[in-house]
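The values are calculated or read from the model by the stated rules, or taken from the named source; none is laboratory data. Every value quoted in this text rests on a predicted model; they were computed, and no experiment measured them. FYI the Cβ positions are ideal-geometry reconstructions off the backbone, even for glycines, and counts take in every protein chain you see. Calculation scope for accessible area: heavy atoms of the full protein, side chains included, ligands and nucleic acids excluded. Shrake-Rupley method; radii C 1.70, N 1.55, O 1.52, S 1.80 Å.
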Amino acid sequence: MDHRDGGSLPGPGGLRLRRWREEDLPALLEAYEDPAMRRWLATQVSGADGAADWLEAQRTGWATGTRFAFAVTEAVTEAETATGRDGRQGGEPLGNIVLKRPDPHNGCAEVGYWTTAAARGRGVASRALTVLTDWAFTSFAEQGLARLELLHQVDNGASCRVAEKCGYALARVLPALPPDYPLDGHVHVREAPAAALSRPAGHRAEAAGTGGGRASGR
């Protein structure tokens, strides 16, 4: 799939990643009412205008090739489509997962995600992250993408477990920067297969990055 393509990415267990659409906005607003979303995400979405602005930002990201956001869904079965239970490809969003490449000439990019309250505990985040990781390294290999980073606040144990389960090793700790970032942050790193093999085993973690920014809004 070309990175400009509007198609979808299949995942394990019936999971599907597709681009966000207008009809997803009610589900988006509902997701952001969750206290956990307000706690962990730097960027918040509220009201119809806020949701519309968020969707436009995702569209702009795709158009400029700097941000690729997918709605994480479960694939709709043929039976559901035939009975009219869901005529939309991909069903209701279970979460969001994004690849951020503000500098396409940089060999490093950032991944981020969130899941709805109803989707947690089902392995949705780890399955979606696996799909996005494979897609990113395949789609942007010729552009030199060699490393993906995942950032989270140090006390977000769930994100830490998802990162490690998907092969993102803890590379470094970002110091707190109050008031916006009152606690330290973790930077997890996964390198492209060819890049990982080219580094001496004892130096792979140290070579993961040199500074990195704070996690931006999901």
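Considering each residue of region 131-153 in turn, at least one proves to be within 20 Å of Thr73 (Cα to Cα), assigned to a helix (DSSP H, G or I) and of a type in the set (Asp, Glu). Among the criteria (1) in contact with a strand residue (DSSP E or B) (Cβ under 8 Å, 6 or more places away or on another chain); (2) open to solvent by 60 Å² or more (accessible area, probe 1.4 Å); (3) under 16 Å from Arg18 (Cα atoms); (4) not charged (D, E, K, R), the one Ala63 does not fulfil is (1).
Within region 66-89, if we keep just the residues that are under 14 Å from Arg19 (Cα atoms) and under 17 Å from the mean Cα position of the chain (by Cα), the residue that is modelled with the lowest pLDDT turns out to be Glu74.
Among residues of region 1-22 that are open to solvent by 30 Å² or more (accessible area, probe 1.4 Å), those with a Cβ under 6 angstrom from a residue that is among the charged types (D, E, K, R) and at pLDDT below 95, sequence gap 6+ or separate chain, pair up as Gly14/Glu74. So, in region 166-217, of the ones that are surrounded by 14 or more Cβ atoms within 10 Å (Cβ to Cβ) and part of a helix (DSSP H, G or I), which residue ends up modelled with the highest pLDDT? Among those residues, the one meeting the criterion is Ala195.
It is to be established whether one or more residues within region 90-102 are under 18 Å from Glu22 (Cα atoms), modelled with pLDDT of 95 or more and open to solvent by 60 Å² or more (accessible area, probe 1.4 Å). No, the conditions are met nowhere in region 90-102.
Answer with yes or no whether Glu33 is of a type outside the set (Val, Ile, Thr) and at pLDDT below 95. Let's see the steps before the verdict.
Details: of a type outside the set (Val, Ile, Thr): yes; at pLDDT below 95: no.
When the stated conditions are applied, Glu33 does not pass them.
Quick one: how many residues across region 136-158 are open to solvent by 20 Å² or more (accessible area, probe 1.4 Å) and either within 15 Å of the chain's Cα centre (by Cα) or among the basic types (Lys, Arg) (or both)? Selection size over region 136-158: 3.
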